[in-house]
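A short reminder: the numbers here are calculations on the coordinates, not readings from a lab. Values in this document were obtained by computation on a predicted structure and should not be read as measured data. Glycine gets a Cβ as well: all are built from the backbone with ideal geometry, and neighbour counts include every protein chain shown.
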Amino acid sequence: MSKKVLFVDDEPNVLAAFKRQLYRNFEVYTAVGGEQGLEILETKGPFPVVVADMNMPGMNGIRFLIRVKEINPETVRIMLTGNSTLETAIAAVNEGNIFRFLTKPCPPEQLSRTLEAGIRQYELVTAEKELLEKTLRQSIHVLTEVLSMVNPTAFGRASRVSRVVRDICRLLDVEDSWQAEIAAMLSQIGCVVVPEETLLKAYKGGPLSHEESEMFYNHVKVGTDLISNIPRLEAIAEIVAYQEKLFDGTGLPEDAKRGRAIPLGARILKVALDFDTLVASGHSPEEACLIMETRHGWYDPDVLSALKHLADLRRVEEIKFLKVEELIPGMILADDVKTTSGVLVIKKGQEVIPSMKVRLLNYKRAMGIAEPLKVVVRDALKRDEVGVASSGDEQASIES
């Protein structure tokens, strides 16, 4: 672990003394004043530990440490000052969320021990964060893998919808868009309890009996309950819970939320889900958007407008027929993938990912796969004067 430490003070002589005292055991950086400290933090960081003087012109130590927390919340913050009043200490703890409060002059041995303790604290925090993120990624991966194996139809819909959600988020420049994208991938996880026949009818907008409708819409609660059990997925669980809520407040769940009180991710997901249903029922993307425009009060106008822009985009697409070994991540399956005996393995519309290719290779060895596979290779975007810039990174995921 790096032993980088940043000292910020308005006295160059004090900073030089820190370097002389600590250079053998720490990688010491210094900055004269808060502004220079922020510049070094941005260009040389992150730093496990930052030590700041309290009384500095322009930006005092508390204001500086607050900015440090905003830039890198994991950095351990220490206050070192000659102004050791109780009021200063309380302000430093409450506002700057500091790790330790030291007074000048500070003996080198005490300062060194404090820095070591700060670095250990940083290691603990970052290790815990890394573990939680790894656990979170693996949990999501397991859920999506289980869905792909247990219910290929539901996984195919989740894959299609997640691409639309991702592209709408890019057009709207949504903050924390990863939450909406993950929610889209997990939005159909509750469909493991829905019979395949009912699922196919619902996905294509077909008429459902009262019993079928109840079974299908119950998948939202089942999925929400499953996701809620995973730490740090509370916001994603809420998006999934509101995926069938209409903008005017009607729909499920039956509560008082309406308009922009509904999570943005859920508003985007609702548009993507209904768009997918209309396209699956045989409408073109343009027709689907026109139909959705007639549904007054159903959708967030900004989200629907973004979808219309996506529908106006034109992809340069190429159809290829390939063997399983030739599949490349990012390709889209244009037809259902079946074994040579006719057993469905993967529904069409899904994007090829590495784990899918491994699964297909295993099926091919064990049971045989009907080849070649029809796939769509999407290279670039073209559009007709709609005013939305396109690039290789911002590819719309409209199913045509």
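A few notes on this one:
- Added length on full extension, which subtracts the Cα-Cα distance from 0.36 nm per residue, Thr340 to Glu293: 12.6 nm
- Of the residues Ser209, Ser305, Ser139, the one that moves most in a GNM of the chain with alpha-carbon contacts below 10 Å is Ser209.
- Ile66/Leu124 FRET efficiency (R0 22 Å; Cβ-Cβ; nearest 0.05): 0.50
- Contact order relative to length of segment 4-128, as percent, for alpha carbon pairs under 8 angstrom and 6 or more apart: 23
- Gain in span if fully extended, Glu325 to Lys134, counting 0.36 nm per residue against the direct Cα distance: 65.8 nm
- Each Lys and Arg adds +1 at its Cβ and each Asp and Glu adds -1 at its Cβ; summed about the Cα centre, the chain shows a dipole of about 1060 debye.
- Taking the longest Cα principal axis of the chain as reference, the axis of helix 301-312 is set at about 60 degrees.
- Extension gain, Glu175-Lys3: 0.36 nm per intervening residue step, less the Cα-Cα distance, totals 58.7 nm.
- Loop-resident sites, segment 195-250, for trypsin sites (Lys or Arg not before Pro), counting at most 12 other Cβ within 10 Å (DSSP): Arg232
- Only helices enter the 222 nm calculation for the chain: every DSSP H run of n ≥ 4 contributes -39,500 (n - 2.57), and dividing by all residues gives -16500 deg cm²/dmol, rounded to 500.
- Fluctuation leader among Arg166, Arg137, Arg67 - the chain, Gaussian network, Cα springs under 10 angstrom: Arg67
- The chain: antiparallel DSSP beta bridges as a percent of all, rounded to 5: 50
- The chain: relative contact order in percent, alpha carbon pairs under 8 Å with at least 6 residues between: 11
- FRET efficiency estimate (nearest 0.05) - Cβ-Cβ, Ala235 to Ser213, R0 25 angstrom: 0.35
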